[in-house]
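Enquirer: Handing you a structure now.
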């Protein structure tokens, strides 16, 4: 009987951990962004259509629809060109760092270059 109670508790604990882990994964995947206060975060993205499409399909869940960032101050890209050079931005996109995943296996060098050039112009 004790063995049954032990395994019962073990299964319940595993089920709870799976549910909690699923919630964390779902939260990390982004989703629809809630509007933020301030006009800068609500501004529509502008630039070359292919580059904006790259941003929308790869970056928006962490960096937001208006580049203001959803993951803290480091993810705010509204003036990233005043902090980093185009080469530094490209390296960050390719290799990741901090909370940012490396994108070199997901994006081509040309796509990384387009995003870096577009973001470097954000002063």
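Enquirer: Among the candidates 90, 94, 68, which residue alone is outside any helix (DSSP H, G or I) and either under 14 Å from the mean Cα position of the chain (by Cα) or at pLDDT 95 or above (or both)? Walk me through how you get there before you give the answer.
Expert: Values: 90 fails: outside any helix (DSSP H, G or I); 94 fails: outside any helix (DSSP H, G or I).
After applying the criteria, what remains is 68.
Enquirer: Please determine whether any residue of the stretch 46-59 is surrounded by 12 or more Cβ atoms within 10 Å (Cβ to Cβ) and either assigned to a loop (DSSP other than H, G, I, E, B) or at pLDDT below 75 (or both).
Expert: For the stretch 46-59, residues surrounded by 12 or more Cβ atoms within 10 Å (Cβ to Cβ) and either assigned to a loop (DSSP other than H, G, I, E, B) or at pLDDT below 75 (or both): present.
Enquirer: Also, I was wondering about something else. Go through the stretch 77-98 and count every residue that is under 15 Å from residue 122 (Cα atoms) and touching a helix residue (DSSP H, G or I) at 6+ places or on another chain (Cβ under 8 Å). Break it down into steps so the answer makes sense when it comes.
Expert: Step one: of the stretch 77-98, the residues under 15 Å from residue 122 (Cα atoms) are 77-90.
Adding the requirement that they be touching a helix residue (DSSP H, G or I) at 6+ places or on another chain (Cβ under 8 Å) leaves 77-78, 80-81, 84-87, 89-90.
So the count comes out to 10.
Enquirer: Within the stretch 99-123, which residues are in a loop (DSSP other than H, G, I, E, B) and out of contact with any helix residue (DSSP H, G or I) (no Cβ under 6 Å at 6 or more places or on another chain)? It would help to see each step written out before you state the result.
Expert: Taking the stretch 99-123 and keeping what is in a loop (DSSP other than H, G, I, E, B), we get 99, 101-108, 121-123.
Selection gives 99, 101, 105, 106, 107, 108.
Enquirer: In the stretch 71-87, what count of residues is obtained for those that are under 15 Å from the mean Cα position of the chain (by Cα), surrounded by fewer than 17 Cβ atoms within 10 Å (Cβ to Cβ) and at negative phi?
Expert: 3
The values are calculated or read from the model by the stated rules, or taken from the named source; none is laboratory data. Note that the structure is a prediction, hence the values are computed from the model and not measured. Positions of Cβ are generated from backbone atoms using ideal geometry, with glycine treated the same way; all protein chains shown enter the neighbour counts.
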